[in-house]
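Rule-based calculations on the coordinates, nothing more; no lab input. The structure displayed is predicted, hence computed values, not measured ones. Quick reminder, even Gly has a Cβ in these numbers, built from the backbone with ideal geometry, and neighbours come from all protein chains shown.
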Amino acid sequence: MSVDIGNRLRHVRLMHNLSQRELAKRAGVTNSTISLIESNASNPSVGALKRILDGIPIGLAEFFSFEPEKPRKAFYAAEELVEIGKGSISYRQIGDNLFGRSLQILKECYQPGADTGKVPLVHEGEEGGIVLSGRLEVTVDDERRILGPGDAYYFESRRPHRFRCVGPVPCEVISACTPPTF
């Protein structure tokens, strides 16, 4: 039997209204450690997981024994989208609990000049999106395109990629990725 530690940790963290940054601070680990575990890109040792769970606080037995309820909600008002971004990039997620879900849908907003970083993103899965407004520079491997309203992208997420808003106005994108990354 396989346990999805990443989604389970994300669910427990959100149940306790903690950001990744706050949990990392409480547990004495880096923010990237929490992010890697929640995206299932890193599998923590039992000791590391216990230290992280102590920051919530929740015990190992409780962490592995609870079964979150499956989300039954099908519709979300605009104000119910959950903000999971920070700074000059907004990621508004449909649904607050993605435990057991295989798809993540986001409404993204990049302020002028906002960038996902010089180091390309790489993770398992697939992602795609469509630009609603503004202009978005998308780099996948060594290929770079500037996309405008109505343009779209779709690629395997293990290919190095990054996003940057170009132009004087914010860029809005609707995206989806599988499995959930954040």
Largest-first principal axis extents of the Cα set of the chain (Å): 50, 35, 30
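Over the chain, what is the relative contact order in percent, taking alpha-carbon pairs closer than 8 angstrom and at least six residues apart?
After rounding, I find 20 percent.
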Cross-link table Lys25/Lys107; Lys25/Lys50; Lys25/Lys73; Lys25/Lys86, entries beyond 25 Å C-alpha to C-alpha: Lys25/Lys107; Lys25/Lys73
Ordering of 40-47, 135-142, 102-109 by packing [mean C-beta count within 10 Å, highest first]: 102-109, 135-142, 40-47
In degrees, nearest ten, helix 5-15 long axis to first principal axis of the chain (Cα): 90 degrees
Highest average packing first - 19-27, 31-39, Cβ atoms within 10 Å: 31-39, 19-27
